[in-house]
Amino acid sequence: MILIDAGPLTALIDADDPYHETCVIASASVDEATITVWPAFTEAMHFLKRVRNGQDRLWHSFENGAFAIIDLDPDHCIRMRYLMRKYRDLPMDLADAALVAVAERESINRVFTLDRRDFSIYKPAGMKRFEIIP
C-alpha cells in the first residue's frame, strides 16, 4: 500500500497545476493499492474548488477505485494530536498527522506527496523514514 497526500490528489486532477505531469508519470509507476485519509481528501477538495469540475473529477476517481479512504478511529486521533504537538515547529497539519498515524498503524512506508520537506522529517514510530514519491 501507498499513502497519497492532498498535493498529488490535486495535481492529478488539475492539468494547470505545476506538478501535474510529474504526478501523472509517478502515478503510472505505482502498482499497489493507494489510500488516503479524510483530512487529505478534504484538503484536495478545497484546492480543487477553483478547477472546473475538479471536485467532481476527484469524486469520480475515488468512485472508480483510483484510491481508497481509510477510516480514522479514536486512537488515530489521539496519535494525530501527539504528532501535531511533536512537529509544531514545522508546523504539521491535520492531513499530514492523519497520514503519519495511518502509516504507523498499517506499517506503510511509502507516501505519494509533494511535501517532500516535511515528510522527510517525519519519523513514523517503529519504522524507517518514509520513501517519498515522486
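The values are calculated or read from the model by the stated rules, or taken from the named source; none is laboratory data. Just so it is clear, the structure is predicted and the values come from calculations on it, not from any experiment. Heads up, the Cβs are rebuilt from the backbone with ideal geometry, glycines too, and the neighbour counts pull from every protein chain shown. SASA here: full protein model, heavy atoms, side chains in, ligands and nucleic acids out. Shrake-Rupley method; radii C 1.70, N 1.55, O 1.52, S 1.80 Å.
Before moving on, here are some points about what is shown:
- Only one of VAL111, VAL100 that is within 12 Å of the chain's Cα centre (by Cα), more than 20 Å from CYS23 (Cβ to Cβ) and modelled with pLDDT of 95 or more: VAL100
- Residue list for the stretch 88-125, restricted to those being part of a helix (DSSP H, G or I), under 12 Å from ASP5 (Cβ atoms) and of a type in the set (D, E, K, R): ASP96, ARG116, ASP118
- SER29 modelled with pLDDT under 95 and of a type outside the set (Phe, Trp, Tyr): yes
- For the stretch 14-26, the condition holds for at least one residue, the condition being that it is open to solvent by less than 50 Å² (accessible area, probe 1.4 Å), without any contact (Cβ under 8 Å) to a residue 60 or more places away in the chain and not charged (D, E, K, R).
- Residue that is most open to solvent (accessible area, probe 1.4 Å) [pool: residues in the stretch 61-87 that are part of a loop (DSSP other than H, G, I, E, B) and not acidic (Asp, Glu)]: ASN64
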